[in-house]
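These notes concern the structure reproduced below.
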């Protein structure tokens, strides 16, 4: 018998009367015994719209071949509503209770003349039989993928809402966009006018229902209905795209719209075909959708998942408690090397293990992208760089998901997981934002990185099925508040707290090396830290020495607000601030304000201040104002001052004013001043003004002779102080090698010493190697008759 005739005969076959003469339909009259079979209903026509709805039910073989690419039935996608079956239809001559929303859908789908063959979950699956549901759920991908079309029922128009009119408006936007007539209102103008009414419909429960994802996610043809108005799925998507929805509504609607939009491009259904997303990715996008049974938070996604039914942990089992189903799915998502704990009546799992911290989210862009995706930028940790993510980081785009990613979120790779995750610090633990991020270029982290793994406690929340808001992310909540049943040994707790401290160190020490706003994201980490998390000396030192545009004084102020007297301000921290040539003065002002007499100011701090190329004078003056005679001014300090490129002379004068004869001016100090190429001459003058009996050694003369900017001036000053200076071969070699003013220095030496000079072969060689004055030197030596030795 041809397939079509066989089907028609099934539609009109009378069912057996139910046992016990019941007036209600009983599923045992159409048992599902064979594999790949389901029930279908035939919605009978009637000219009178007030006539009660009548259907017949029959068994349908999904594996039977058809004459076309799809089967000729339609599959209904709708919301059950309140769950109360307050209406009734006639099914195989018997009463069958249905919800008000389903009754309304059947009423609008009923044709006046022709039968419609439909698959409707509430009728075609015995909802009271979990065993049957477990067998039928794996078939739902096939049912919706093979359907001639999937009918999306958004519901009847509500009072003052005009939902059917909203669909007409969306169709109009799609038509104008496609045709672009160039006359009349533009798409943008109409979209602005239509937005309010359309948004009301887009806020309906259908867009938040878990099961609809699979229903439209595998469909090849979609029709959207509201009341009596029907609109092609593609036109619906094009109209929605023009509305410019608010971000919160986009997060709910866009993932569903994308599934509908993809319908046109799906290939013919093949048995055994699978989705393209992993279960983790699907949970990222859809875990906040609603489901009557919590189990369906997992099972409703199976038809879209790349794992299909091959993963034992994901097999539908309604008799297994939800918390065990949750645990299995979490282990499947994060890998078997982690430990997962769940508890009855809890919607949050606790995952413990080891991880690598790969980076920090520094920018998020959700709007104005033609692909409808979220774009984020990530700054790498040291480990992230070593794995190949790049010196500065990376960026990527992905579909919107249940919880929005934020600046300051962390990329981590849990040991054993297939891909990294995006997590957020919540005082003493992390919570999962996105289970799957792009994997490292080289795949999973190798054992060679074992020393870089940190202990982590991570929570993963799948909200209650009927929840209307995200309930899993309470950033000010400690782990034991989220999961009071969770227990751990003190040693393990300390290890995970140390892991958070290590992340802080990496972010502050590493990212503060770059200019820009990276510290804003690092500061957010501190905001999310609980009081048990150690802010180490390395973190504070990195802030004190930060040269970025994000002024460290503001971050330091913030750290004091978070930790107060517990903030470790060591000598090394003060030294880093003293050396900070951008913001050191202000940072030190803040440190003195916060710590006063307790602030450690050592000889190394003063030396660092004296060596500060931009703020040296102001910082040294500040140190004397705060500590006065207590400051230790050692040879190291005097050397740093003499070496200061911009402020050497001012610093040296100030130090003489403060210490006078007690200032240690050693040969090393004088030699350093003579070598200063920016203010060496002025610094030497200051030294001679305050110390008449300076010892000018051969090394001082050498440094003066080779000084490319002040060599002549300093050498002349030295001869003015002592006409009997000894000019050695090393001094002559230094002058001969000076490529800026070496010839002038050599003339001065000849003027002062004349024929007493000894021009050795090494001096001649140094002169010949001088690219600027070689010829002049040779002429000078020849004129003096000194080319063959001493005279």
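The values are calculated or read from the model by the stated rules, or taken from the named source; none is laboratory data. Computed from a prediction, not measured in an experiment: that's the story for all the values here. FYI the Cβ positions are ideal-geometry reconstructions off the backbone, even for glycines, and counts take in every protein chain you see.
Things to note:
- Criterion: assigned to a loop (DSSP other than H, G, I, E, B) and surrounded by 20 or more Cβ atoms within 10 Å (Cβ to Cβ) - qualifying residue of 670, 700, 686, 665: 665
- Helices (runs of 4 or more DSSP H) enclosed by the stretch 93-154 - at least 1 residues per element that are buried (at least 21 other Cβ atoms within 10 Å of the Cβ) and in contact with a helix residue (DSSP H, G or I) (Cβ under 7 Å, 6 or more places away or on another chain): 100-109, 140-146
- Criterion (modelled with pLDDT of 90 or more and surrounded by 15 or more Cβ atoms within 10 Å (Cβ to Cβ)) met by exactly one of 508, 460: 460
- Against the numbered list (1) over 60 Å from the mean Cα position of the chain (by Cα); (2) part of a helix (DSSP H, G or I); (3) buried (at least 20 other Cβ atoms within 10 Å of the Cβ), residue 727 comes up short only at (2).
- Matching residues, the stretch 608-621, being over 17 Å from residue 541 (Cα atoms) and assigned to a helix (DSSP H, G or I): 610, 616, 617, 618, 619, 620, 621
- Residue in the stretch 609-622 that is nearest to residue 583 (Cα to Cα), counting only those that are surrounded by fewer than 24 Cβ atoms within 10 Å (Cβ to Cβ) and at pLDDT 95 or above: 618
- Some residue of the stretch 430-451 being closer than 21 Å to residue 501 by Cα, at pLDDT 85 or above and not in a strand (DSSP E or B): no
- Any chance residue 705 is assigned to a helix (DSSP H, G or I) and over 55 Å from the mean Cα position of the chain (by Cα): yes
- Checking the stated criteria, residue 625 turns out to be in a helix (DSSP H, G or I) and surrounded by fewer than 20 Cβ atoms within 10 Å (Cβ to Cβ).
- Any hit, the stretch 84-91, residues being under 46 Å from the mean Cα position of the chain (by Cα), in a loop (DSSP other than H, G, I, E, B), surrounded by 14 or more Cβ atoms within 10 Å (Cβ to Cβ) and modelled with pLDDT of 90 or more: no
- Of note, residue 540 satisfies the criterion of being more than 30 Å from residue 298 (Cβ to Cβ), in a helix (DSSP H, G or I) and at pLDDT 90 or above.
- Test result for residue 397, modelled with pLDDT of 75 or more, surrounded by fewer than 19 Cβ atoms within 10 Å (Cβ to Cβ), within 15 Å of the chain's Cα centre (by Cα) and within 30 Å of residue 203 (Cα to Cα): yes
- Matching option when the condition is modelled with pLDDT under 80, out of contact with any strand residue (DSSP E or B) (no Cβ under 8 Å at 6 or more places or on another chain) and part of a loop (DSSP other than H, G, I, E, B), among 66, 51: 66
- Residue tally, condition farther than 18 Å from residue 689 by Cβ and within 44 Å of the chain's Cα centre (by Cα), over the stretch 622-667: 6
- Residue in the stretch 198-218 that is outside the structural domain of residue 111 (by TED's automatic domain parsing) and over 33 Å from the mean Cα position of the chain (by Cα) present: no
- Counted residues, the stretch 24-48 - those being touching a strand residue (DSSP E or B) at 6+ places or on another chain (Cβ under 6 Å), outside any loop (DSSP other than H, G, I, E, B) and either within 13 Å of residue 112 (Cβ to Cβ) or at pLDDT below 90 (or both): 2
- Within the stretch 733-783, the set of residues being more than 25 Å from residue 717 (Cα to Cα) and not in a loop (DSSP other than H, G, I, E, B) comprises 761, 762, 764, 765, 768, 774, 775, 778, 779, 782, 783.
- If you check 613, 561 for being out of contact with any helix residue (DSSP H, G or I) (no Cβ under 9 Å at 6 or more places or on another chain), under 29 Å from residue 533 (Cβ atoms) and not assigned by TED's automatic domain parsing to the domain that holds residue 362, only one passes: 561.
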